[in-house]
Amino acid sequence: MKEKVDLSLFPVTAGINSLGHLTVAGHDLTALAETYDTPLYLYDGATIRGQLDRLKSLIKTCYPGEATVAYASKAYFSRAFAAKLAALGAGSDVVSLGEIHVAQKAGFRPEVIHLHGNNKSEAELRAALEWNIQAIVVDSLDELAFLETLAAAQKRPARIWLRITPGLNVNTHPHIATSHSDSKFGLHIQNGEAAEAIRRALASPWLKLAGLHTHLGSQIFDAEPYQQAISALCEVAAANNFIPEEISPGGGWGVRYTDADSSDDADLWVHTVADALQEACSRYKWPFPRLVLEPGRWLVARAGVAVYTVGSQKTTPSGTHLVAIDGGLADNPRVALYNAHYTARVVQRAGADPTEKVRVVGKFCETGDVLIPELLLPPVKRGDLLATPVSGAYQLSMASNYNYAARPTALWLEEGSLEVMQTREQPDQPGWLVCKPNQEFIK
C-alpha cells in the first residue's frame, strides 16, 4: 500500500483529488491556473485563522496580563487581505504611509496599530498622529526630537514606544538579523541611547511613553534570545524609573520551508516570552504590561502557495537538468536575497514519486534567478504546473517589475468560494510603469 502523501508544508486544507491534482480548500489548482493564469498566488483562509487562533490560545494559557497579536504587514498586505485580518481581530504593525492608508481603509482600529521604521517621513509621522494610533515606535534620538516638535506644533501629544536594540546576535541570515550591536535599527543599550531616550521621553510634555519594543530578526528557532531581550528591556526601564504599560518583543519566530527545517510550533516561543515578562514583573514589582506579539511570516507563510507553469528544459554539460518556470526572481526574490530554501510538487501528479533530480530556475535575466537549486520531481513536461508551498510571506510584498514582469494575481480561498485580492498587472493599463508619450509628469 502506498504511503500517504505528506502535504504538511502546504495549507491545512491541501489535498489530492480523484484526478491526482493538488487542491487547496477544495479548489483544483489546475482549474485556478487555467482561469487566472500563472504565476498565481493562493492564500488559504482556514490556515491563517488556525495560526491566529493558535497564537491567541497560547498567549491566554501562558500570560495572565492583557495581550495583542499585531500582524507584521510587510509580510504581505493588500486592502482585501488586510480587511480579512482586521475582521479576525488582529492588530497591525505598519512601516509606511501606504501601509497606514491600507490599514485605515481595511477597517483596522487605530488602537491596534503601531508605526515602525528607522527613518519615518514627516508625512508618516503626521498621519500616525492624526489617526491617533496606539504607538509610534521611535527608532532614534533624532526621531524622538523631530516627533516632539511635530506633536508640539499640532498640540497633540504623541503616544510612543521606544525600539530598543539589546546587542544580541541571533542564529539567522545576516540580512534579517536586527538586534546586534551594529544594527541600523533602534536605540542601542550599549552606547546609552536607550536610557537617554527613556529620560527624554518621560520629561517631555508632548511625548507619552507607553512601552518598549524590540525585534531580534526573522526565521529564529531559538527562544533564549527572546528571554535575554525582555530581561534587557526591563532592566533599562527599571534603571530609568519607567514602568511600561506595554512590552513588545516583536515577532520573528521561524517557519518550515522544507522537510529538513525545525519544528515551527510557537509553543516554546510564547512560553519563553511570557515567562520572561512575568519574571521581570515579579523582580521589579510591576503590574503586568500588555504583551504585544508581532508575527508576520508565522501567521501567513504556510497559508500561501505559488503556482508556476513549466516551460523549457535543458541539461547542462555538467549534468544539471534545468526546469524553467514562468516566474522566479520578480515575484520571489528571497532565494537571491537570503539563500532561502523551497520545495515544490507537480500539481497534475501531486502524489507521484519523485525520481529525477532537477534545478528549478526562473525566466529572468539573472544567473541568480534560481528558485530551487536541487529538487527531486517526477518527470515533468512543458505545461505542467509546479506548486511551491510556504509562499505567503515576503514574496508578493517584495515582488518587482524586473524585466517589466507583471506582478501576479493573488486569491483568497475558502471551501466553496474564492476572492481575488490582487489582480495581475497588465502592460496596457493606463499608467503602468511608464507615462504616455509626452505626458507631463505630475509630482
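All of the numbers you see were taken from the coordinates with simple rules; none came from a lab. Please read these numbers as outputs of a predicted model, since none were measured by experiment. Positions of Cβ are backbone-derived with ideal geometry, glycine not excepted, and every protein chain shown enters the neighbour counts.
Taking amide H as placed 1.01 Å from N in the peptide plane, the amide H of T165 sits under 5 Å from that of L187, H188, I189, each at least 5 places away or on another chain. Neighbours of A405 by Cβ distance under 9 Å: Lys/Arg scored +1, Asp/Glu scored -1, total 0.
Pairs over the 25 Å Cα-Cα cut-off, from the set K56/K120; K357/K381; K4/K357; K60/K84: K56/K120.
For segment 203-287, trypsin sites (Lys or Arg not before Pro) meeting the loop criterion (DSSP other than H, G, I, E, B) and having at most 13 other Cβ atoms within 10 Å: K285.
Among 298-305, 140-147, the peptide with the highest mean count of other Cβ atoms within 10 Å heads the list, and the full ranking is 298-305, 140-147. With the highest mean first, a sort of the peptides 56-64, 43-51, 351-359, 24-32 on other beta-carbon atoms found within 10 angstrom per residue produces 43-51, 24-32, 56-64, 351-359. With the convex hull of the Cα atoms taken as the outline of the chain, the averaged projected area works out to 24.2 nm².
For segment 46-300, the share of DSSP beta bridges that are antiparallel, to the nearest 5, is 5%. Under 5 Å from the amide H of Q422 lie the amide H atoms of A410, each residue being 5 or more positions distant or on a separate chain, with H modelled from the backbone and absent for Pro and chain starts.
Ordering of 388-401, 76-89, 416-429 by packing is 388-401, 76-89, 416-429, highest average first (other Cβ atoms within 10 Å, averaged per residue).
What separates the Cα centres of segment 49-77 and segment 326-363 is a distance of 30 Å. Taking the centroid of alpha carbons for each part, segment 196-215 and segment 90-159 are 14 Å apart. Placing +1 on each Lys and Arg Cβ and -1 on each Asp and Glu Cβ, with no other charges, gives segment 46-300 a dipole about its Cα centre of roughly 860 debye. Both radii come from the Cα set of segment 46-300: Rg as radius of gyration, Rh as Kirkwood radius; their ratio Rg/Rh reads 0.94.
Using θ = phi - 60° in the Karplus curve 6.51 cos²θ - 1.76 cosθ + 1.60, the 3J(HN,Hα) couplings for segment 70-81 round to 10, 6, 7, 4, 5, 5, 5, 9, 9, 4, 5, 5 Hz; x is entered for Gly and Pro.
The DSSP beta bridges internal to the chain are antiparallel in roughly 45% of cases.
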